[in-house]
Amino acid sequence: MKNSLEGGVITGWLSLTHIQMKVAGELEAKLQESFGWSLNEFYLMYFLSEAPEKKLRLQQLESMVGLSQSAVSRLVSRFEARGCGVLQRTVCDDDRRSIYTSLTPIGQEKVDRAQVTVNEVLHEVFPRAEIKLLLEQMLDLPQQ
């Protein structure tokens, strides 16, 4: 019985992972089509838009976006190379070794538009009922 129970949890986890990958793929495709952004680029912009003063250190962004510091630095560099004016880097006044990445007003306007698109995709493709059922089964919660 224990193996059957554990197998159910594993099957549920794999199902959730599959759903997450499918939704992420849909988001990635729509962001690429509409804005020329990857999903990680959207995450970077979104987290900056939510931060106090619209700025964060690369070390903070790496844990939020789920990438290494060098990968986050490359994301920021790609935005800078495009010359689109959405981000800027500034040296920290307290610690000259630290660099902040901040969102510009142009960047805020673009991330606001991208958020609308992300919300539309999530409402369209996110299988809420299926997720709820899977979580109830995995956590052995009584169904209501």
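The values are calculated or read from the model by the stated rules, or taken from the named source; none is laboratory data. Just so it is clear, the structure is predicted and the values come from calculations on it, not from any experiment. Reconstructed Cβ throughout: ideal geometry from the backbone, glycine too, with neighbour counts over all protein chains shown.
Go through the residues of segment 134-144 one by one and say whether even a single one is exposed (fewer than 12 other Cβ atoms within 10 Å of the Cβ), modelled with pLDDT under 90 and within 19 Å of Thr17 (Cα to Cα).
yes
Considering only residues that are free of Cβ contacts under 8 Å to residues at least 60 places away in the same chain and over 12 Å from the mean Cα position of the chain (by Cα), look in segment 26-43 and name the one that is surrounded by the most Cβ atoms within 10 Å (Cβ to Cβ).
Going through the qualifying residues, I end up with Gln32.
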Of the conditions (1) touching a residue at least 60 places away in the same chain (Cβ under 8 Å); (2) of a type in the set (Lys, Arg); (3) surrounded by fewer than 16 Cβ atoms within 10 Å (Cβ to Cβ), Arg82 fails just one. Which one is it? (1)
Residue by residue through segment 87-111, note down the ones that are exposed (fewer than 12 other Cβ atoms within 10 Å of the Cβ), assigned to a helix (DSSP H, G or I) and in contact (Cβ under 8 Å) with a residue 12 or more places away in the chain. none
Reported set for segment 61-83 where residues are assigned to a helix (DSSP H, G or I) and small (Gly, Ala, Ser) is Ser63, Ser70, Ala71, Ser73, Ser77, Ala81
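Just to be sure, is Thr117 in contact with a Lys or Arg (Cβ under 9 Å, 6 or more places away or on another chain) and farther than 16 Å from Phe35 by Cβ?
no
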Determine, yes or no, whether Leu27 is closer than 29 Å to Leu135 by Cβ and at pLDDT 95 or above. yes
Just the residues that are farther than 14 Å from Leu48 by Cβ and exposed (fewer than 13 other Cβ atoms within 10 Å of the Cβ), please, taken from segment 112-125. Arg113, Val116, Asn119, Glu120, His123, Glu124
Only residues in segment 7-19 that are touching a residue at least 24 places away in the same chain (Cβ under 8 Å) count as the first member; pair them with residues that are part of a helix (DSSP H, G or I) and of a type in the set (Gly, Ala, Ser), Cβ under 8 angstrom, at least 6 apart or cross-chain, and list the lot. none
